[in-house]
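A short write-up of the structure that comes next.
The values are calculated or read from the model by the stated rules, or taken from the named source; none is laboratory data. All values derive from a computational prediction rather than experimental measurement. Glycine also receives a Cβ, built like all others from the backbone with ideal geometry; neighbour counts cover every protein chain displayed.
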Number of protein chains: 2
Amino acid sequence: MSYQLYYWPSIQGRGEFVRLALEEAGAPYVDVARSDAPGAGVPALMRLLESTELPLPPFAPPVLRAETLLISQTATILEFIGAHHGLAPQEEAGRLAVQQLQLTLADWLAEVHDTHHPIASGQYYEEQKPEARRRAQDFRAHRLPKYLGYFERVIHQNPAGERYLYGGSLTYADLSLFQMVEGLRYAFPGAMAQLEPGHPRIVRAHAHVRERPRIAAYLASPRRLKFNAQGIFRHYPQLDTG
Amino acid sequence: MSYQLYYWPSIQGRGEFVRLALEEAGAPYVDVARSDAPGAGVPALMRLLESTELPLPPFAPPVLRAETLLISQTATILEFIGAHHGLAPQEEAGRLAVQQLQLTLADWLAEVHDTHHPIASGQYYEEQKPEARRRAQDFRAHRLPKYLGYFERVIHQNPAGERYLYGGSLTYADLSLFQMVEGLRYAFPGAMAQLEPGHPRIVRAHAHVRERPRIAAYLASPRRLKFNAQGIFRHYPQLDTG
């Protein structure tokens, strides 16, 4: 199956969680808004978002097209990729467990976003800097340790061993945890340097994913966008601790 | 199958989305933290959250126990209930579509929460009142109309007709949309009074759910907690518009 991924062309954002799964699956896909093929590019993304004829319109990107199926919401897209490419258990208990982990990662990601946009997602960071400083301080002091501690515990309590979040093989949730660590190291290098030594299982899980051949090849390719000051993970030194 | 629901005993919160699905399904369940049976109550909830022996610990309530299965994350619990009680399509496309709708409802709910807690979920509202005022203003002006407009459009574009969000029969996402409207009317009566006339399909969908016999019986029962100033939906007049 060949896929079309619809996502903003200049940021990793939520689209990156989908890209990592497609890359690990070795699934061919077109990153539509980044393509210069006829009919592609950002206008194709906008047409999709504004269509009044879809049986179920998407609320926001990312959107994945898989033949006639159009799927949005990152976790739902990952559930689909996981089921079709061996990146999630097939049986119900395991499938639900990995979905549950992914939704907690999604909550964590939303809180990262709100460190620089605590008041209004439609306004600039510069319009909410004092509030961002307060929210980021709370994030570093309470929320970041809470989420790191949780996922450290998940890996530790995994009855199949400490290599993955769930069971004995890689799932899309492991790829997403990798991306969280990547982004947090970029956005909050000071806070992460302090916290990582206390969370060795997460650090190892991140390293395992980075070493997977397809992921390593992807990260070294031009398909991997760089973090920047427009994405969800942003490095504003005043929001980090030194 | 008999269920145990683990959730805070004094608020509707995220647990309410699960309760509505269990009630509509006619599924027997124990609301553990609200039960005074031996071994139940809040201590039972705390033991579950703090257990270091679970194969997959929950991050936060609600948690549903279904025999040996322990499920957390509201949308994952609803996916399970939907599949086992006819509140979601069985085929993949429909199952994913309803999940996708639920995740957008979950994003909306998180934004409602942050109107009164824009800085720190662990601090009191009283410690973040000016920021809450700014965030609520943005919510009323931009985010609330955006979400309402989206779900209005979803109902309108449903090829099976305008009664449900997806397809031709009730799903757990319809129950959750009902709860969003209930909560928003409580928290933002002024803003909702202004916006509802422009979203007649959502108003009708809410009314349809309220009239379902099991839902009507539930709402009239003591099992339905009242909205209050500790929940996700809170009525602070200064955050609403008159």
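If B:Ala75 satisfies every condition in (1) of a type outside the set (Asp, Glu); (2) more than 9 Å from chain A (Cβ to nearest Cβ); (3) part of a helix (DSSP H, G or I) but one, which is the exception?
(2)
Condition check: of a type outside the set (A, V, I, L, M), more than 8 Å from chain A (Cβ to nearest Cβ) and either closer than 20 Å to A:Asp138 by Cα or in contact with a helix residue (DSSP H, G or I) (Cβ under 8 Å, 6 or more places away or on another chain) (or both). Does B:Pro89 satisfy that?
Yes.
Could you identify the single residue in A:Glu92, A:Glu127, A:Glu79, A:Glu67 that is under 30 Å from A:Ala191 (Cβ atoms) and either modelled with pLDDT under 95 or not aromatic (Phe, Trp, Tyr) (or both)?
None of the other options fit; the residue is A:Glu127.
Among the residues of the stretch A:10-56, how many are among the hydrophobic types (A, V, I, L, M, F, W, C), surrounded by 12 or more Cβ atoms within 10 Å (Cβ to Cβ) and either over 24 Å from the mean Cα position of the chain (by Cα) or within 14 Å of another protein chain (Cβ to nearest Cβ) (or both)?
6
Condition check ((1) in the same structural domain as A:Ala110 (by TED's automatic domain parsing); (2) among the aliphatic types (A, V, I, L, M); (3) not in a helix (DSSP H, G or I)) across all residues:
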{"residue": "A:Glu182", "(1), (2), (3)": "yes, no, no"}
{"residue": "A:Arg185", "(1), (2), (3)": "yes, no, no"}
{"residue": "A:Met192", "(1), (2), (3)": "yes, yes, no"}
{"residue": "A:Pro197", "(1), (2), (3)": "yes, no, no"}
{"residue": "A:Arg204", "(1), (2), (3)": "yes, no, no"}
{"residue": "A:Ala216", "(1), (2), (3)": "yes, yes, no"}
{"residue": "A:Ala229", "(1), (2), (3)": "no, yes, yes"}
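Looking only at the stretch B:93-123, which residues are within 8 Å of chain A (Cβ to nearest Cβ), over 26 Å from A:Asp138 (Cα atoms) and of a type outside the set (S, T, N, Q)?
B:Ala93, B:Leu96, B:Ala97, B:Leu101
Taking the stretch A:42-73, which residues are touching a residue at least 24 places away in the same chain (Cβ under 8 Å) and under 27 Å from A:Ala217 (Cβ atoms)?
Those that are touching a residue at least 24 places away in the same chain (Cβ under 8 Å) and under 27 Å from A:Ala217 (Cβ atoms): A:Val42, A:Ala44, A:Leu45, A:Pro61, A:Pro62, A:Val63, A:Leu64, A:Arg65, A:Ala66, A:Glu67.
From the residues in the stretch A:159-168 that are out of contact with any Gly (no Cβ under 7 Å at 6 or more places or on another chain) and within 9 Å of chain B (Cβ to nearest Cβ), which one is farthest from A:Arg95 (Cα to Cα)?
Selected residue: A:Pro159.
From the list A:Gln12, A:Gln73, A:Gln100, which residue is among the polar types (S, T, N, Q) and either at pLDDT below 95 or in the same structural domain as A:Leu148 (by TED's automatic domain parsing) (or both)?
Of the residues listed, the single one that is among the polar types (S, T, N, Q) and either at pLDDT below 95 or in the same structural domain as A:Leu148 (by TED's automatic domain parsing) (or both) is A:Gln100.
Quick check on this structure: which one of B:Ala37, B:Ala44, B:Ala88 is within 21 Å of B:Ile215 (Cα to Cα) and of a type in the set (Gly, Ala, Ser)?
Only one candidate passes the filter, namely B:Ala88.
List the number of the failed condition for A:Leu165; all other conditions in (1) crowded, with 17+ Cβ neighbours inside 10 Å; (2) closer than 16 Å to B:Gly122 by Cβ hold.
Of everything listed in (1) crowded, with 17+ Cβ neighbours inside 10 Å; (2) closer than 16 Å to B:Gly122 by Cβ, A:Leu165 misses just condition (2).
Does A:Ala120 fit the bill of being of a type in the set (A, V, I, L, M), modelled with pLDDT of 95 or more and either crowded, with 22+ Cβ neighbours inside 10 Å or not assigned by TED's automatic domain parsing to the domain that holds A:Thr171 (or both)?
Here the answer is no, as A:Ala120 does not meet what is asked.
What's the total number of residues in the stretch A:122-156 that are of a type in the set (Gly, Ala, Ser) and either assigned to a loop (DSSP other than H, G, I, E, B) or closer than 15 Å to B:Pro118 by Cα (or both)?
The total comes to 3.
Please go through the stretch A:142-183 and give me each residue that is aliphatic (A, V, I, L, M) and closer than 21 Å to A:Pro213 by Cα, ordered by number.
Passing the criteria: A:Leu165, A:Leu170, A:Ala173, A:Leu175, A:Leu177, A:Met180, A:Val181.
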